[in-house]
1. Relative contact order of the chain, please, whole-number percent, based on alpha carbon pairs below 8 angstrom and at least 6 residues apart.
2. In the stretch 263-320, carbon and sulfur make up what percent of the accessible area (probe 1.4 Å)?
3. Quick one: accessible area per residue over the stretch 45-157, 1.4 Å probe, rounded to a whole number of Å²?
4. Can you put His247, His137 in order of accessible area, largest first, using a 1.4 Å probe?
5. How would Asp209, Asp110 rank on accessible area, largest to smallest, probe 1.4 Å?
6. Over the Cα atoms of the stretch 169-285, compute the convex hull volume and normalise it per residue, giving Å³.
7. Can you put Lys153, Lys364, Lys215 in order of accessible area, largest first, using a 1.4 Å probe?
8. Can you pull the accessible area of Arg355 for me, 1.4 Å probe, Å² to the nearest 10?
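The values are calculated or read from the model by the stated rules, or taken from the named source; none is laboratory data. Not measured: the values here are computed from a predicted model. When we count neighbours, we look across all protein chains shown, and the Cβ atoms used for this are built from the backbone with ideal geometry, even at glycine. We work out accessible area using only protein heavy atoms, side chains counted, and drop any ligands, DNA or RNA first. Shrake-Rupley method; radii C 1.70, N 1.55, O 1.52, S 1.80 Å.
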Amino acid sequence: MMRHLIASFASAVLVSGCSAPETAENPGIAAATPVQATGFMTENLAAPEGAADTKGDGVLRDSEGRPFEYALLGQKLPAFTASMADGRPFESASINRWTVIDVWGAWCGDCVADGPYVDALARAIAQDPDLDFLSIHVPASAARATPQEMFGKYGSLAAYFDSAGYSLPVVIDTDGSLREALRISWTPTYLVVSPDGVVRGFRTDLSVDTDQPVKSFIQDIARVRGEVRAAASLVMSPAGVAGLGQHTPFTVSAVEKAFPGHSVIPVTDPATGTATFEVRPNGSDTARFLVEPDWTRGYVAAVRSRDPGVRGPLGEVIGQTTLGTLPAEARALCTGSEPGVLVCPDPGAPAAFARVYALPAGGKPESGAVLAELRYFAATP
């Protein structure tokens, strides 16, 4: 995965607005609102009064044509394949860590203005081993994708970088198909994508901001990463829970790292007499998770939760969801191997995940059994 964005541009402004060049079919942007649509967003909110769909594409924009919304925000990044400037193939499937995607064009004056900030952003994020960069060069539109229109007097991206005195890996959109697939309505566009491929953040120009735009963007990215980690810590599934992995050592420090926003308290399980960790939300005396060890290897072996705040992979709520809502395939695996409960291994990963339902009293139907516990079993390293 590349760890590069586009470095500083020193050339003059090529095009003075980068949604698309003005043509008879694409007239200039009328004044819509004095508010600049440049801030970092994690969800599409109501646009300010005065924003207008000035291009007829359903996107509300500011007076300069910058969008107040992004169609893919909160959704999976579309899968795509493309070639890099040096001919190497690139697949979006290789995006498997937090990634900043810079969508730009050498034809775009706003991208040129952003160059120094992008260079600083690239250097800053290069210090983070868990954050990657992807640069995608796009044309203004599919109808303006000739080399002359994409690269101006340079004729190619390579010639542009030769003139600028540096060279960086760049994915090339040769026909506007990536621009269309990624729903880009303005360049430069910056996307923040999480390891699961979801677009978590969006913003436009850095150069329009006047108050440390690179530092602010870095802080925005860190905040979103923290929020996503915190949300993930409240979902348990066959894939795991929080940042726990199959190689997580059974140590306080390792488990604290896996559960951000939580405290790890060593305790003795009264039922088994073995050492266990209680994972509590910071400031709480109540355990959200119980973490059990595999002492033969020194790793985490299992995680259990009886906390109503923890959800299952189907959105199940501990203390509320009943056995009757579980798909028949999963119900067929349930056993009464433990007194008073039904243990239901997940059909897709029976060795990794199980739901535990408390049997109803008074001879009531099993379908009314209520979810009492979720269990995740870490794979053997």
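1. Numbers: 808 pairs, mean separation 54.1, N = 381.
Here the relative contact order equals 14 percent.
2. Values: 1500 of 3030 Å².
Here carbon and sulfur together make up 50 percent of the probe-accessible area.
3. Heavy-atom accessible area per residue stands at 43 Å².
4. On the way: His247 100, His137 0 Å².
The ranking, largest first, comes out as His247, His137.
5. Values: Asp209 45, Asp110 25 Å².
Result, largest first: Asp209, Asp110.
6. On the way: hull volume 21.3 nm³, N = 117.
Hull volume normalised by residue count: 182 Å³.
7. On the way: Lys153 175, Lys364 135, Lys215 110 Å².
My answer, sorted largest first, is Lys153, Lys364, Lys215.
8. We get 10 Å² for Arg355.
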